[in-house]
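We did not get these values from a lab; they are worked out from the coordinates using the rules stated. The shown structure was predicted, so the numbers you read here are calculated from the model rather than taken from an experiment. Because the Cβ atoms are built from the backbone with ideal geometry, glycine has one as well, and the counts that use them run over all protein chains shown.
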């Protein structure tokens, strides 16, 4: 479990660096909209497989998700907070 968490933390840092440096094209308005974000949309935004988001959720590394019925959804504000605080704060210079 520790190895999975370490790997997930590493991937989260890598994604945060790519997203914040502008290397990953952002979907227009994805984090600015009022509605919830699906797992597929967030995976596409972060240029990651959906399985990586599932693994991050399981290990507690990624952004917090909401369960709506049997579906997972992400709040845009939570994704922004995760990118800014959790990812930027943990990456090395």
Fewest to most Cβ atoms within 10 Å: 74, 58 sort as 58, 74
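Normalised radius of gyration for the stretch 29-90, please: alpha carbon Rg relative to 2.2 N^0.38 Å, two decimal places. Don't skip to the end; give the middle numbers.
Details: Rg = 10.9 Å, N = 62, 2.2 N^0.38 = 10.6 Å.
Here the Cα radius of gyration is 1.04 times the empirical estimate.
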Gain in length, residue 44 to residue 77, computed as 0.36 nm per residue apart minus the alpha-carbon separation, to one decimal in nm? 10.1 nm
